[in-house]
1. Looking at (1) at pLDDT below 80; (2) closer than 28 Å to residue 150 by Cβ, can you tell me which one residue 192 breaks?
2. So, in segment 345-357, exactly how many residues are within 13 Å of residue 585 (Cβ to Cβ) and either over 23 Å from the mean Cα position of the chain (by Cα) or assigned to a helix (DSSP H, G or I) (or both)?
3. Name every residue in segment 282-315 that is hydroxyl-bearing (Ser, Thr, Tyr) and modelled with pLDDT of 70 or more, in order of residue number.
4. If I ask for residues that are over 29 Å from residue 222 (Cα atoms) and surrounded by 14 or more Cβ atoms within 10 Å (Cβ to Cβ), which ones from segment 97-125 would you list?
5. Mind checking which pairs have a first residue in segment 147-158 that is touching a residue at least 60 places away in the same chain (Cβ under 8 Å) and in a strand (DSSP E or B) and a second that is surrounded by 17 or more Cβ atoms within 10 Å (Cβ to Cβ) and of a type in the set (Lys, Arg), Cβ under 7 Å, 6 or more apart or different chains?
6. Taking the residues in segment 84-96 that are open to solvent by less than 50 Å² (accessible area, probe 1.4 Å) and over 18 Å from residue 13 (Cβ atoms) as candidates, determine which candidate is modelled with the highest pLDDT.
7. Determine which single condition residue 160 fails, assuming it passes every other condition in (1) at pLDDT below 80; (2) within 30 Å of residue 243 (Cβ to Cβ).
8. Name every residue in segment 553-595 that is open to solvent by less than 80 Å² (accessible area, probe 1.4 Å), hydrophobic (A, V, I, L, M, F, W, C) and more than 30 Å from residue 455 (Cα to Cα), in order of residue number.
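The values are calculated or read from the model by the stated rules, or taken from the named source; none is laboratory data. Since the structure is predicted, the reported quantities are computational estimates derived from the model, not experimental observations. In this analysis, Cβ positions are derived from the backbone assuming ideal geometry, glycine residues included, and neighbour counts consider all displayed protein chains. Keep in mind that these areas ignore ligands, DNA and RNA; they rest on the heavy atoms of the full protein, side chains included. Shrake-Rupley method; radii C 1.70, N 1.55, O 1.52, S 1.80 Å.
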Amino acid sequence: DEKNDTALVGILRAPFFSVSDPVIFEISLVQGDSYWEKLKKYSADHPEIVKIVDTLSSNLLLANNYDIPFLLRKILNESDILPVVANKANGVQELANIEKLVKITINFFSKGFKTLYDYVSYLKESIELSDDESQASVAEELDSVNIMTLHQSKGLEFPVVFLNKCNEVSSKNLTKSKKVSVDKNFGLLTKLPPDNHFSAEYKSAPIVGVSNLIIRKKELAEIKRLLYVGITRAKNYLFISGTIKENNNFSNESFMGLLERGLNIDFTLDNIQINSDLKFLDLEKNEYYSKNLNLNIPLVKEIEPVEQAKTEAGPVIHKKFIGGNISDIPEGEIVSATKLSVYKQCPLKYHLTYDLGFAPLYNQFRKWRTEKGTSDRYEFNEFEDERLTNAQETEIRNPNKEFADLKGRVIHKILQKEIPSDKLGESVKSFIKSEVNSFETEEKQVDNLAGEIINDVAAFYESDVYKEIKSYSNFKNEFEVYAKENDYYLYGIIDKLVLSEGKAVIIDYKTDVLKSSIDYEEKINSYYTQLSFYSYIVSKIFNSVNKFEIQLVFIKYPGRIFKREIKTEDFENIKAEIAGMVKASRDQDYNKNLSHCKNCSYSANFKDCIIV
């Protein structure tokens, strides 16, 4: 988009072109309606910018005419971004992520007719609305065989390619007896019994024959395209294999049939001769020239079995190799405050939730408890895990999630955006309706929930605690923090981070219902892990901060605010707890904390551990 100045400046500053900030600023001073116009004018007097303009201009011309995965590969290969990324500390992971982006792009364009506009819209929606895409798995795949479909291979290249079973024909998607298909041009299509004689052969109307002909032509065009994709994946060697029938004839809709007719192959011969003139384009001279191509392709009709070489000298020595277990140790995983909090509750609960993927079941249990009026939940920041993994995608988008969780999310959104009192009503209803299904949720339920939220937030606004929080000037709401620790990463979302004169105040809002003083103490003990985790990450990010205070604010009970100072010597214990959790996770060593069963959604009758 030539009018998107922000995107253009981002590309220029990035390793794609590595233009310095002073030059970026100098270009911005040139007269022009857009930064793209300024860049072109600036290049007239600066030869080092001409190549950048030429590269961008050529890609703009190709954008609407070329295969987008191919264009993406071209942009990556012609820039410096790949070598720059490869030399970073986490280069292997980032290169794998780039490869994953290419594969996502290939898959996107393989699902029907898609345009560049559709692709850009898809990326924007994924960034703004979807959970964070998980990082690509990193595996050592050098000098190994990759088995994949032709669709998966698009945009990739390999030194050697084998196309297997090229004599086979895919099933045809034609209109069949006793089945109904819908065509946007021809309407409903099916085969029917003549004169209601259901035992007779089903007949089709002429329009069905026309539809089948069009379908066959489209499928043949797709087969030709796939053959082209498969052949052009090979850099050095290409092997095409298939079973030759007795009559040496192949179906017109198979790869071998297409090659037989396209190259006029006689399969009774021992080789194929291809002699033709091929046109090449000389980029420097900007002119075409012809070059004769003469290929001799052998036809191998029998493959002899490979036998192991026999040795005559010396006796046969039998060797026995004893090796240890092969273990897979993950690296680069992301540890969130929520994960650590769940682990502190019970290591086995962590194993069920994150390793075995019981999170949807966990949410169903919580919903059931809420409906029964026995909810004693802990309101950890679920968005941390939702943004890091797609494992809970169905649950995240489920409009029927319990209103208790919905209430917490809406209140956090109000406090994040600092909605004033006079705008509470319309904002709360808007937030609720954006998350629930209007066809499945009664208006009365929405009104009741909105009323509860407005009353709680309005009362909180009047409290001394909120007035003190409101007085802070240097703060960040819903602040995402990341930090590298050993070979893994720490991650969290802080409701409010206040920075003032070398001190960090970490504030976490909770919408829990406190039933008693004992309940209050239990909540504090559970949430303390989460808040101390946040303070540890903040200490790694902000070197100038030497004082840390955590505050736990219960929205319904602002008078029961919990404050505590975290000392720098406490960070060693926090670091050890995190390392212990990561080690236990990698070793698959999970103990039971039976004292947590009364509050665990996995426990049987909230009394006994589900694992005997």
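1. Looking at each condition in turn, residue 192 falls short on (2).
2. The qualifying residues number 9.
3. Once the filter is applied, which keeps residues that are hydroxyl-bearing (Ser, Thr, Tyr) and modelled with pLDDT of 70 or more, segment 282-315 yields 288, 289, 290.
4. Scanning segment 97-125 gives a single hit, 97.
5. 158/233
6. Going through the qualifying residues, I end up with 96.
7. Unmet condition: (1).
8. 566, 571, 574, 576, 578, 579, 581, 582, 584
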